[in-house]
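Right, one structure below, let's go through it.
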Amino acid sequence: MKNTENLAAVSESIVYYIISLPENALSGDLFSVVILLILLYAIALLIIRVSAVMIRSIKTIVILIIIAISLYLFINDFIFRLISEGLSADNIVFGMTGLIAGFISILLAWHTARVSVRKYREHKAEKIYKEEISRIQRKRMEYNKIETEPENIPENRHPQPEEVAQAADAMPEHATNIFTEFSRDNPIGTVILYLIVAEFGIFSSKTISAATPETGLVFFIIFMALAFVFIKYTYKCYMTGLKHLAAAFVIGFLLSVVLGHFWGAIPLKDLLSVNYFSSDALVALITGLSLSLFMSSKG
């Protein structure tokens with residue numbers, strides 16, 4: 001009976017939270033911002049049919065916005081702590097860690113978004129170019145049907161098939177740099193950076209945690225179940241997605257405990273007990289996992 005009541009309470013909380021997402025996001029709740037942006041992204045994909053290149057561009061922009069908001073909230077909180085507490089050991093160690101991770105993450109996210117948008121523009125230009133070549137070739141075929149001596153057609157007016165192939169091969173390639181290499185060759189490094197910034201953002205913002213540990217536990221179970229469904233439909237390889245979720249969970253949980261204690265001022269006895277599920281640490285973990293799964297999915 002008690003489990004049924006807890007499940008009903010969680011269901012009511014989820015419905016209420018979804019309804020109040022825009023209001024909570026505007027009030028500075030980072031978790032609401034992350035969930036709202038991901039939901040809007042998913043709704044847009046369901047409503048609008050767009051190319052894969054455009055989907056990747058939109059996703060990188062969403063990630064950039066999340067990282068930027070997280071860094072902004074953290075910097076505000078860090079400055080406030082410096083003014084009120086001074087240069088304590090925690091402020092120096094974790095403050096500098098957050099700043100370094102934040103600035104690297106924002107540069108990485110900005111670079112990824114810029115490259116993705118540029119690829120979309122070049123993809124669109126290439127598509128227009130191919131359509132124009134196809135139109136010219138159709139015109140040429142029609143012209144050849146009329147002319148009795150097709151060799152008299154000036155070559156400079158109608159590109160030959162081999163010229164079209166050469167032009168396609170000559171499309172500009174993207175130059176790689178340190179950010180491209182890092183994001184491509186070190187996905188775990190990118191995940192860790194984004195997890196750090198997102199969790200710092202949670203502990204630095206207005207956060208609504210679960211009312212009781214039981215409610216938080218049920219909410220976490222529901223989230224994990226949805227995560228498995230999300231991986232099933234958005235990852236090319238299901239096992240790869242599960243491995244990624246496991247790695248992100250371990251890293252995210254450890255970060256939530258460390259940051260929860262040293263930056264969020266939550267007692268260790270609470271973080272290492274069932275009270276974890278009613279603390280901001282659980283919100284930080286779920287936020288980090290959501291961002292991690294979203295950035296690594298194929299959609």
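The values are calculated or read from the model by the stated rules, or taken from the named source; none is laboratory data. Predicted model only: the values in this text are computed from it and were never measured. Because the Cβ atoms are built from the backbone with ideal geometry, glycine has one as well, and the counts that use them run over all protein chains shown. The protein model used for the area step is the full one, side chains on, heavy atoms only, and it has no ligands, DNA or RNA in it. Shrake-Rupley method; radii C 1.70, N 1.55, O 1.52, S 1.80 Å.
Extent along the principal axes, Cα only, for the stretch 183-249: 39, 26, 15 Å, with the longest axis given first. Accessible surface for the stretch 259-299, divided over its residues, is 34 Å² per residue with a 1.4 Å probe. Have a look at Gly102, Ala89, Val115 and report the one farthest towards the positive end of the charge dipole of the stretch 69-123, computed about the Cα centre with Cβ charges (Lys/Arg +1, Asp/Glu -1). Towards the positive end, the residue furthest out is Val115.
Once you've got the Cα coordinates, tell me which of Lys206/Lys236; Lys59/Lys232; Lys232/Lys269 are over 27 Å apart.
Beyond 27 Å: Lys206/Lys236; Lys232/Lys269.
Apply 1/(1 + (r/R0)^6) to the Cβ-Cβ distance of Ile65 and Ser88, taking R0 = 30 Å, and write down the FRET efficiency to the nearest 0.05. Before the final figure, lay out each step's value.
Working: r = 31 Å, r/R0 = 1.05.
That pair, Ile65 with Ser88, gives E of 0.45.
Over the stretch 211-261, the hull volume per residue, using the convex hull of the C-alpha atoms, is 80 Å³.
Any chance you could list the semi-axes, whole Å, largest first, of the equivalent ellipsoid that the Cα gyration tensor gives for the stretch 196-297, using √(5λ)? That gives 24, 14, 11 Å for the three semi-axes.
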